[in-house]
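Read through the structure below, which is laid out as structure tokens, and then see the notes.
Taken together, the values in this text are just the output of simple stated rules run on the coordinates, not laboratory data. Remember, predicted model here, so these are calculated numbers, not experimental data. Backbone-built Cβ (ideal geometry, glycine too); neighbour counts: all protein chains shown.
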Amino acid sequence: MSYAQRRQMSSNRTAAIVVVALLHVVLGYALITGLAYNVAKNAMEDLKTFDVEEEPPPPEEPPPPPEQPDTPPPPQIAAPPPLVRTNTAPPMIQTTPTPPPPAPIVPVYRPAPPAPPPPPPPVKRVEARSAVGNLQGLFRDSDYPQSAMDREEQGTVSVSLTIGTTGRVTGCNVTSSSGSRTLDSTTCRILQSRAKFTPARDSSGNPTTDSVSQRITWRLQ
């Protein structure tokens, strides 16, 4: 097939496509126009028309009369009363007496309060001290109880002595017995009646109570 024949067939095919497209456009337009016409026709048949009469406007009311201002009547002019002259006494002038000048203020000087006393001197602190005493010579041979000698009782007594602020023994407690009640009681009796201690001192230097432990040995010769 020559080039001229192929070009002619291509032109014929293009023309056929254009004709078919135009036919579709015409048929679509006719279809749409016919349907729109039928719808408009049915709507016109269903639409009911009627005349509307407009009501006449109401009559206009007459305007109210203008308000008149309230004007008071003119005042009546009364004639003044006649002048009556009377003999009146002259006014009295009251005088107020001048008060006397105030008395001069005399200042009163109060003496200054006395100065407070000086504080007491600080308490002199001393080292605490225990009671001290010498028990030598308090026990004599004649102090040995006769009943203990007859039973040949001897031994060592341990006692705890309570020393008062005067240095005297105010209490005696046996902490370890000698084995003889007679020797134990005789030991406390002699210490309470004869012992004399230097009383203990606290940190302020004042006498105070104290306790002292002692051991006394009773032995037959």
Query raised in the report: Extension gain Val132-Thr217, at 0.36 nm per residue separation less the Cα-Cα distance, in nm?
Result: 28.6 nm
Requested in this report: Calculate the dipole size of the range 141-218 relative to its Cα centre from +1 charges on Lys and Arg beta carbons and -1 charges on Asp and Glu beta carbons; express the result in debye to the nearest 20.
Outcome: 280
Query raised in the report: What is the extension gain from Arg151 to Lys196, computed as 0.36 nm multiplied by their sequence separation minus the C-alpha to C-alpha distance, in nm to one decimal?
Result: 13.1 nm
Query raised in the report: Which of Val174, Pro199, Gln154 sits closest to the plus end of the dipole of the range 141-218, meaning its Cα is farthest towards the positive end, when Lys and Arg get +1 and Asp and Glu get -1 on the C-beta?
Result: Pro199
Report summary line: Per its Cα gyration tensor (rounded if a/c is under 1.5, else prolate when a/b beats b/c, else oblate), the range 141-218 is best filed as prolate
**Report entry** Ordering of 175-184, 156-165, 139-148 by packing [mean C-beta count within 10 Å, highest first]
**Finding:** 156-165, 175-184, 139-148
